[in-house]
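Before any comments, here is the structure.
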Amino acid sequence: MHEENKTAANGCGKIRSGAQNGAALLALMEKTGYSMVQQNGQRKFGGPPPGWEGPPPPRGCEVFVGKIPRDMYEDELVPVFERAGKIYELRLMMEFSGKFIGVCVSLDNCRLFIGAIPKDKKKEEILNEMKKVTEGVVDVIVYPNATDKTKNRGFAFVEYESHRAAAMARRRLIPGTFQPWGHTIQVDWADPEKVVDEETMQRVKVLYVRNLMISTTEDKIKAEFNKFKPGVVERVKKLRDYAFVHFFHREDAVAAMSVMNGKCIDGASIEVTLAKPVNKESSWKQHFNGQISPSSENLLGFPNKEDGTQKSLGKPASLSVRLNGQHSPGSPEVERSTYPFFPGIKLTPISMYSLKLNHFSSAVMHLDYFCHKNSWAPPEYCLYSTTSQDGKILLVYRVLISSIADDSQSYFMPEKLCTTVEDAKELAAQFTLLHL
């Protein structure tokens, strides 16, 4: 970017030349002692500042500031941000909108989601492929297929040594020039891991058990976890190939985690960790970027704002399998406004699958999009009815999800009935998404 050939307006509306910009930035560096380096589409001010001793600030100390006017530079921004505290580092992107700025906590995400991976590839193969074209790879997380443990689920998470390494890898992989095993992969940010404070985790007495066989029952899981100390398990809740084992006492949960992690149940080697407490309402809403309407909240059984009761369908399964990447800092809710259509406006044909998730406001559309992105067959809805005691016709949909790649099939049916077809279909789609 050759700034000497450009002019810009400062915050007061005055036109400022490239030479004036350069002089202002040099003056800022001389005044503060900070260095400034431009690379990869961004300019870094500081990091570390003069006289800094010790390691960089920990995760959680960074904020993202969006929608900065394109005519503002470090000499104007630094004094504003310094009002909040000492700046360790400021990274300025070189393209911006001209709207009011937005500020939120920056997610120091070091993990990428990689989709459309051949299901016969092992962790080592995926790890080696990622290391060939990206730098800073620390680990690859691969989940076994729910019905066939010899295969993966068609996606993986790649962990990098830093957020910068992950961002550079994402930039390199997104254009589609890298096609491992002859496949075009999907790349996006993974949902950041939920951080639970240590005090809360010290009270957890529930274990999260994954990589179970679909056929393994809750009774079998309870019996296996009671073997090391009879009578310690309160109850078990199993969802597909994972389960939550509730203990009466925390010390028994911790001991069971140590004993049972890596054990074999029905031919599957299980992984056992302490379950992270989540807010079921906020977790589901986050996946939909705040787009759930009051009516759909009632369908799912979220707490009624008047009586405060909870009637949930159970802990939501993570939608990381590619409801990822839509939680960028400052991501706005879907805009539901309408706009006038003027004569002469150019229209371009487009596929709904080329849109972002925040363009969809219903679970039915989310589920269709989700299946397409995972190379599955479209969801099939089968409508059933019954009659209530007062003579009302009540409806429920059963949803069939078929994986084209391995011919596996899964059925999902909510435990609630609806009075309208639209509500029944929306509820079925929401329930399916929660359990995929």
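Whenever you get a sec, compute what percent of the accessible area on the range 196-272 sits on carbon and sulfur atoms (1.4 Å probe).
Carbon plus sulfur share of accessible area: 51 percent.
Under 5 Å between amide hydrogens, which residues at least 5 positions from ARG153 or on another chain qualify, with H placed 1.01 Å from N in the peptide plane?
The list, which skips near neighbours in sequence, is TYR143, ASN145.
Report the extension gain between HIS249 and LYS263 in nm, rounded to one decimal, defined as 0.36 nm multiplied by the number of residues separating them, less their alpha carbon distance.
2.9 nm
Could you pull the accessible area for ASP108 with a 1.4 Å probe, rounded to 10 Å²?
Probe radius 1.4 Å; accessible area of ASP108 about 50 Å².
Roughly how many percent of the accessible protein surface of the range 21-91 is carbon and sulfur, given a 1.4 Å probe and a whole-percent answer?
Whole-percent figure for carbon plus sulfur exposure: 55.
Which whole-number value in Å² is the accessible area per residue of the range 345-436, probe 1.4 Å?
Heavy-atom accessible area per residue stands at 55 Å².
Taking the Cα-to-Cβ direction at PHE81 and at SER35 and moving 7 Å from each Cα, how far apart do the two end points lie in nm?
Label-label distance for PHE81 and SER35, simple model: 1.8 nm.
May I ask you to evaluate 6.51 cos²θ - 1.76 cosθ + 1.60, the Karplus curve with θ = phi - 60°, for each residue of the range 118-130 and list the ³J(HN,Hα) values in order in whole Hz, giving x for glycine and proline?
For the range 118-130, the Karplus curve yields x, 6, 8, 7, 8, 4, 4, 5, 5, 4, 5, 5, 5 Hz.
Around TRP181, under 10 Å between beta carbons, what's the net of Lys plus Arg minus Asp minus Glu among the other residues?
-2
I need to check one value: relative contact order of the range 109-187, counting alpha carbon pairs closer than 8 Å and at least 6 residues apart, in percent.
Worked out over the range 109-187, it gives 43 percent.
Once you've got the Cα coordinates, tell me which of LYS229/LYS276; LYS151/LYS263; LYS132/LYS276; LYS123/LYS263; LYS122/LYS263 are over 28 Å apart.
LYS132/LYS276
Can you list the residues, at least 5 places off or on another chain, whose amide H is less than 5 Å from the amide H of VAL138, using H built in the peptide plane?
Correct list: GLU159, TYR160, GLU161.
Hey, what's the range 196-272 come to in accessible area per residue, 1.4 Å probe, Å²?
That works out to 52 Å² for each residue.
I'd like the chymotrypsin sites (Phe, Trp or Tyr not before Pro) in the range 143-189 restricted to DSSP loop residues with at most 11 other Cβ atoms within 10 Å, sorted by number.
Within the range 143-189, no chymotrypsin sites (Phe, Trp or Tyr not before Pro) qualify (loop, at most 11 other Cβ atoms within 10 Å).
Work out from phi, with θ = phi - 60° and the Karplus expression 6.51 cos²θ - 1.76 cosθ + 1.60, the ³J(HN,Hα) of each residue of the range 344-358, listed in order in whole Hz, and give x for Gly and Pro.
After applying 6.51 cos²θ - 1.76 cosθ + 1.60, I find x, 5, 7, 10, 10, x, 8, 8, 4, 6, 8, 7, 8, 4, 6 Hz.
Using amide H atoms built in the peptide plane, which far-off residues or other-chain residues are under 5 Å from LEU394 H to H?
HN-HN under 5 Å from LEU394: THR386, THR387, SER388.
Run the numbers on the range 21-91 and let me know its relative contact order in percent, using alpha-carbon pairs under 8 Å that are six or more apart.
The value is 41 percent.
Hull surface divided by four, with the convex hull built on the Cα atoms of the range 131-262: how many nm²?
10.1
Given contacts defined as C-alpha pairs under 8 Å and at least six residues apart, what's the relative contact order of the range 122-273, whole-number percent?
For the range 122-273, the relative contact order is 19 percent.
Considering only protein heavy atoms, what per residue accessible area in square angstrom results for the range 21-91 with a 1.4 angstrom probe?
In whole numbers, the range 21-91 has 61 Å² accessible per residue.
If I stretch the segment between ARG240 and MET352 completely, what's the gain in nm (0.36 nm per residue apart, minus their alpha carbon distance), one decimal?
Full-extension gain reported as 37.4 nm.
The values are calculated or read from the model by the stated rules, or taken from the named source; none is laboratory data. Because the structure is predicted, anything quoted here is derived from the model rather than measured. Methodologically, a virtual Cβ is constructed for each residue, glycine included, from the backbone with ideal geometry; neighbour enumeration extends over all protein chains shown. Surface accessibility is based on the protein's heavy atoms, side chains included, excluding ligands, DNA and RNA. Shrake-Rupley method; radii C 1.70, N 1.55, O 1.52, S 1.80 Å.
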